[in-house]
1. Using Cα centres only, tell me the gap between region 6-46 and region 127-202 in whole Å.
2. If r is the Cβ-Cβ distance from residue 217 to residue 264 and R0 is 56 Å, what FRET efficiency results, to the nearest 0.05?
3. Can you give the % of DSSP beta bridges in the chain that are antiparallel, to the nearest 5?
4. Please report, largest first and rounded to whole Å, the three semi-axes of the ellipsoid equivalent to the chain, where each semi-axis is the square root of five times an eigenvalue of the C-alpha gyration tensor.
5. Kindly write out, for region 266-272 in residue order, the coupling ³J(HN,Hα) from the Karplus curve 6.51 cos²θ - 1.76 cosθ + 1.60 (θ = phi - 60°), rounded to whole Hz, with x marking Gly and Pro.
6. Within region 38-52, find all residues whose amide N lies under 15 Å from a label point positioned 7 Å from the Cα of residue 188 along Cα-to-beta-carbon.
7. Let me have the relative contact order for the chain, percent, based on Cα pairs under 8 Å that are six or more residues apart.
8. Net charge near residue 237, counting Lys/Arg +1 and Asp/Glu -1 over other residues with Cβ under 13 Å of its Cβ?
Amino acid sequence: MTAHQRAHVVVIGGGQAGLAAGFYLRRAGADFVILDAQDKPGGAWRHAWPSLRLFSPAQYSSLPGWMMPPTPHGGYPTAADAVGYLTDYEQRYDLPVIRPVTVRAVRREDDGLLVETDTGTWHGRYVISTTGTWWRPYIPHYPGRGDIGGQQLHTADYSGPEPFQGQNVIIVGGGNSAAQILAELSTVANTTWVTRRPPRLLPDAIDGKALFDLATRRQHALAVGETGTSISDLGDIVAVPSVRDARDRGALKAEPMFARITRTGVAWRDGTEQSCDAILWCTGFRPALLHLSPLRLRRHNGLVATEGTRALTEPRLHLLGYGDWTGPASATLIGASRTARATVAEIMGHPTRSTTRTT
Ligand code: FAD
C-alpha cells in the first residue's frame, strides 16, 4: 500500500481564498500544504475576459499582509493585474502550493480526512476547501435549449468582443458579468439584454470596499438579532466605469426573459420571434464541491450547512471563499482575509470570534 503524504492542514485550491488561508497558516507556524488544479497561480482570474474590471481600487482589493500595488494603467485593476498580484503574493510569503494537483475526493478517517488527488493521497487533520465557483458554470433550463442552430456560450467561455463583431447577440443575466460584458459587446454587436427581473445598478459610490463594509455590518446586525441592510436591498450591479458609460449611452436597457429558444433565436412571451447569432448566458456559477460528495454533508438551501466556515456535519472540514455563506464578502479579495483569519484561528485552537450558523 502506498503511504499517504501528511500535513496538519490540507488546503484545496490555490486561488485568492486558498492564499489568504495560507498567509494565516504560515503566520501560525502550521504544517500545511495547498493543492491547486491550475498549472500557474491566479485561480479563476486567469480565465476571466481581458476587459473585466475589479469592483474597487487596488488598495481595497488586497489579501492580508501586502496590498495590491497601484495599477500601472491607473483605474481599477484588471483580471491580469489580479493574476500578477496573486503570483507575487504566493512567492512573497513562500506559500507551499503544489500544482497541478486535482483533488478528486475527500473521505473520513478516524484521525482526519483523506484527500485523494490525481497524483496521490494526502492525509490532513483538517481540510480547508477553497475551490471557488468558476469551474461550475450554471445555465438555467429553457425550453428548446438544445435546438438552436447558433452559438450558445457561458460567461466562462467569453474571451472578448472580437468574434461577435456585427452579430446579433442575446445576453442573459442581471448581474455584474452580464452588465460588464454587455457594456463592451454593445459597442461592436447588436445586443439584446434579457433579465428575469429589471436589472438594478448600485449607486455609483458603492464599490467593493463599500460592499465589504455593508456585508460586515449586516453580519454583526444578524448576530444580535437585527436585520441590517442587505447588499441586495440596494442593487446587484456595481457601476464600474464601463458600466456607467454603457448606462450613459442608453445601452443598459433590459427585456423580460424570452419564453423559449427556437432553431434560429428566441420566441418572446407574446409569440413573436427574434433571430440571433449567439446567446450568451451570464447566469452565474455554483460552488465547485464535487470532491466533497463522498462526505455526504448536510445541506441547507442547496449549500453545505456550516457554522462559520466549519461544515456542521464534518467539523474537520472548513469551506472558504464561496460566498457570503462562508463569511461576509468572502468571495472577494478584501473579504477573504477576515474569514481566513477566523478559520485558521479556529483550526489552531484559538478562535477569534463567535461564528454564524448557516442551517
Ligand atoms: P478561485 O479563484 O476559483 O480559485 C480556486 C482554485 O481552486 C483554482 O485555482 C482552481 O483551479 C482550484 N480548484 C478547483 N477545484 C479543485 C480541485 N478539485 N482540486 C484542486 N484544486 C481545485 N472579486 C474580487 O475580489 N473583487 C472584484 O472586484 C471582483 N470583481 C468581479 C467581477 C466580475 C464580473 C466577476 C465575474 C467576478 C468578480 N470577482 C471579484 C470574483 C472573483 O473573480 C472570484 O470570486 C474569485 O476568483 C474567487 O476566488 P477563490 O479563491 O474563492 O476561487
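Every read-out reported here was derived from the displayed coordinates using simple, explicitly stated rules and does not represent laboratory data. Predicted model only: the values in this text are computed from it and were never measured. With ideal geometry, Cβ positions are generated from the backbone for all residues, glycine too; neighbour counts draw on all protein chains shown.
1. Cα centroid of region 6-46 versus Cα centroid of region 127-202: 30 Å apart.
2. Details: r = 49 Å, r/R0 = 0.87.
About 0.70, to the nearest 0.05.
3. Of all bridge pairs located within the chain, approximately 45 percent are antiparallel.
4. Details: eigenvalues 266, 104, 84 Å².
Its equivalent ellipsoid spans semi-axes of 36, 23, 21 Å.
5. Those phi angles translate into 9, 10, 7, 5, 7, x, 6 Hz.
6. Residues passing the 15 Å test: 49-52.
7. Numbers: 761 pairs, mean separation 76.5, N = 359.
Across the chain, relative contact order equals 21 percent.
8. Numbers: positive: 53, 197, 200, 244, 247; negative: 204, 207, 236.
Within the 13 Å Cβ shell, the charges total +2.
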